[in-house]
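Taking it in order: structure first as structure tokens, then the write-up.
The values are calculated or read from the model by the stated rules, or taken from the named source; none is laboratory data. Model, not experiment: these values are computed from the prediction. Heads up, the Cβs are rebuilt from the backbone with ideal geometry, glycines too, and the neighbour counts pull from every protein chain shown. The protein model used for the area step is the full one, side chains on, heavy atoms only, and it has no ligands, DNA or RNA in it. Shrake-Rupley method; radii C 1.70, N 1.55, O 1.52, S 1.80 Å.
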Amino acid sequence: MTAERLVVIGGDAAGMSAASQARRLKGPDELSIVAFERGHFTSYSACGIPYWVGGDVAERDDLIARTPEEHRARDIDLRMRTEVTEIDVAGQRVRALDLGSGESYWTGFDKLVIATGARPVRPALPGMDAPGVHGVQTLDDGQALLESLDRAPGTGRAVVVGAGYIGVEMAEAMLKHGFEVTVLNRGEQPMATLDPDMGRLVHDAMDGLGITTVNRAEVTAIRTGSDGRVRAVATGDASYPADVVVLGIGVEPETTLARAVGLPLGPHGGLLTDLSMRVVGHDNIWAGGDCVEVLDLVAGRTRHIALGTHANKHGQIIGSNVGGGYGTFPGVVGTAVSKVCDLEIARTGLREKDARAVGLRYVTATIESTGRAGYYPGARPMTVKMLAEYRTGRLLGVQIVGRDGAAKRVDIAAVALTAGMTVEQMTALDLGYAPPFSPVWDPVLVAARKAVTAVRRAGTA
Ligand SMILES: Cc1cc2nc3c(=O)[nH]c(=O)nc-3n(C[C@H](O)[C@H](O)[C@H](O)COP(=O)(O)OP(=O)(O)OC[C@H]3O[C@@H](n4cnc5c(N)ncnc54)[C@H](O)[C@@H]3O)c2cc1C
């Protein structure tokens with residue numbers, strides 16, 4: 001029997017999870033696996049880059065879950081520094097370019113996995129490629145940033161462009177290096193994944209941590225000195241001195257190859273898949289991770305959400321299906337957590353503007369509480385905002401900003417959203433309580449009670 005060949009494009013979370021799971025289910029006699037990765041690393045945690053740059057994680061290699069050699073020892077033919085430049089869908093083959101030798105060749109496939117991830121947004125502004133301006137997408141980026149920081153130790157000035165979760169995590173990392181940190185944010189408040197009233201809390205907390213945040217700041221140029229290195233970041237009406245600039249302005253699905261051959265893309269530019277993560281209309285092509293769109297189970301629409309938590313699940317499911325098992329990915333509720341220093345930031349479900357965009361009427365309830373019993377040493381405040389559907393009281397979304405265990409409380413809401421619970425049903429949830437962990441009424445339950453009242457009032461108004 002000739003083994004089928006699985007070809008994987010992209011050697012990180014989604015791609016190598018798929019390859020590894022397929023290999024668990026089928027040996028090399030049944031399935032040969034060839035994976036192409038154009039970068040220097042495979043199976044690494046980009047999520048850990050802010051903590052490595054900030055010094056919480058000592059070594060770059062601590063972020064590498066599995067080396068190329070470890071993959072190869074499991075009979076996965078992983079070809080590093082090799083870029084796939086073309087997919088021939090009808091001919092069932094991909095063209096690969098060895099970036100070291102310059103050699104280009106075709107490899108046939110029976111099954112193909114596209115796991116090409118996302119590419120960072122880099123506006124074509126003057127000075128964007130100047131030394132001292134850094135993205136943080138890859139381990140190479142992280143290494144280059146650390147080298148830049150060494151050039152301006154201690155008293156330097158860092159400007160972070162973008163105030164999403166990567167921006168705020170990198171602001172913390174810069175602070176830990178002793179830099180004076182300014183965050184330039186295009187939006188109304190930092191963390192646009194929150195409603196502006198909750199983003200305001202993040203802004204205030206960043207102020208308290210010594211991070212200057214400038215909202216509604218549109219970067220127009222990176223200014224450089226006579227040596228060509230970055231000196232400042234210009235916005236429409238101001239200039240911010242900088243020894244180092246970190247970019248965290250978001251990502252777009254990397255679907256260049258897929259687009260070129262007409263594979264189906266969604267409204268956000270990501271590949272469209274069915275529940276088994278097979279590309280719509282193509283029986284032998286799967287896609288997962290940051291290059292696909294996912295179904296938002298609350299809004300009922302697809303979205304592009306670039307998160308490692310989804311990429312790993314996609315890879316596992318693809319690998320199961322490719323390897324003769326079975327798995328599906330039903331969609332997401334939009335859960336994400338982050339932090340800046342000791343301030344924790346969490347969200348799940350819909351923001352107010354998301355609810356409006358899909359025609360849902362809603363009520364909101366916002367409460368202040370603490371992560372432990374108020375009398376227990378170390379109790380710190382947290383704010384919980386809850387959205388519930390008008391009349392039905394169905395939970396629509398939760399945002400939490402606070403300290404001391406605030407972030408992972410959002411998981412209660414993620415489960416409730418997935419289960420389609422009403423806020424009234426949530427008030428009866430049997431959550432754990434002891435003074436060191438929670439007040440007797442957990443902050444999420446307090447918010448649910450307030451939301452119940454808001455639903456009742458709105459329903460009778
Ligand atoms: C700084 C940072 C912090 C993050 N923090 C978190 C977090 O806290 N929580 C979370 O859930 N997520 C986080 N993420 C997101 C997470 O890292 C990504 O969602 C995840 O890595 C996506 O995995 P992927 O396999 O889809 O794509 P990627 O990890 O981008 O891998 C795609 C791979 O494909 C390769 N490739 C692309 N095109 C080709 C080609 N044509 N030929 C060959 N190879 C190709 C690329 O080189 C790349 O290695 C963070 C990301 C960053 C950058």
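Between the amide H of R119 and those of E252, E254, distances stay under 5 Å, these residues lying 5 or more places away or on another chain, with hydrogens modeled in the peptide plane.
Per residue, how much accessible area does the chain show when a 1.4 Å probe rolls over the protein heavy atoms, in square angstrom?
43 Å²
Cross-link partners of K26 among lysines, defined as those whose alpha carbon lies under 26 angstrom from its own and excluding same-chain residues fewer than eight positions apart: K111, K313.
At 0.36 nm per residue, and after removing the present C-alpha to C-alpha distance, how many nm does the segment from R361 to A238 gain when stretched out fully?
Values: separation 123, 0.36 × 123 = 44.28 nm, distance 4.02 nm.
Net length gain for the segment: 40.3 nm.
The reciprocal of the average 1/r between distinct C-alpha atoms defines the Kirkwood hydrodynamic radius, which for region 342-455 equals 13.8 Å.
Rounded to whole Å and ordered largest first, report the semi-axes of the equivalent ellipsoid of region 122-249 derived from its Cα gyration tensor (root of 5λ).
Over the Cα atoms of region 122-249, the ellipsoid semi-axes are 22, 16, 13 Å.
Want the number for Y433 to A124: 0.36 nm per residue separation, take away the alpha-carbon distance, what's left?
Details: separation 309, 0.36 × 309 = 111.24 nm, distance 5.24 nm.
106.0 nm is the gain from fully extending Y433 to A124.
Remark on G164: its backbone amide H falls under 5 Å from those of M191, a criterion applied only to residues 5 or more positions apart or on other chains, H modelled at 1.01 Å from N. Comparing Cα centroids, region 339-400 and region 276-338 end up 26 angstrom apart. Working from Cα pairs under 8 Å separated by at least six residues, relative contact order for region 122-249 is 34 percent. One decimal place: the segment T328-T2 gains 114.6 nm when fully extended, by the rule 0.36 nm per residue minus the C-alpha distance.
For region 347-363, backbone phi angles converted through the Karplus equation (6.51, -1.76, 1.60; θ = phi - 60°) give residue-by-residue couplings of 8, 8, x, 9, 7, 4, 5, 5, 4, 4, 4, 9, x, 8, 8, 8, 10 Hz, Gly and Pro being listed as x. Spin-label pair R457-R95: with each label point 7 Å from Cα along the Cα-Cβ axis, the two points sit 6.5 nm from one another.
Please figure out what share of the DSSP beta bridges in the chain is antiparallel and state it in percent, rounded to the nearest 5.
65 percent
Shown in residue order for region 34-45 are the 3J(HN,Hα) couplings computed by the Karplus curve 6.51 cos²θ - 1.76 cosθ + 1.60 at θ = phi - 60°: 10, 10, 10, 9, 7, x, 8, 10, 9, 6, 10, 9 Hz (x for Gly and Pro).
Extending 7 Å from the Cα toward the beta-carbon at both W106 and E368 defines two label points whose distance is 6.9 nm.
Calculated over the chain, the projected area of the Cα convex hull averaged across directions stands at 24.7 nm².
Hydrophobic long helices, here whole DSSP H runs in the chain with Kyte-Doolittle means of at least -1.0 and Cα atoms spread over 15 Å or more along the helix axis, are found at 13-25, 139-151, 165-176, 196-208, 308-322, 443-460. Close amide-amide hydrogen proximity is noted between T422 and L395, each under 5 Å apart and 5 or more residues distant or on a separate chain (H modeled in the peptide plane; Pro and chain starts excluded).
Quick check: at a probe of 1.4 Å, how many percent of the accessible area of region 315-429 sits on carbon and sulfur atoms? The value for region 315-429 is 53 percent carbon and sulfur by accessible area.
As a check on your grasp of the helix formula, calculate [θ] at 222 nm for the chain: sum -39500 (n - 2.57) over DSSP H runs of n ≥ 4, divide by the residue count, round to the nearest 500.
-7500 deg cm²/dmol
Pairwise inverse Cα distances across region 220-353, averaged and inverted, put the Kirkwood hydrodynamic radius at 17.7 Å.
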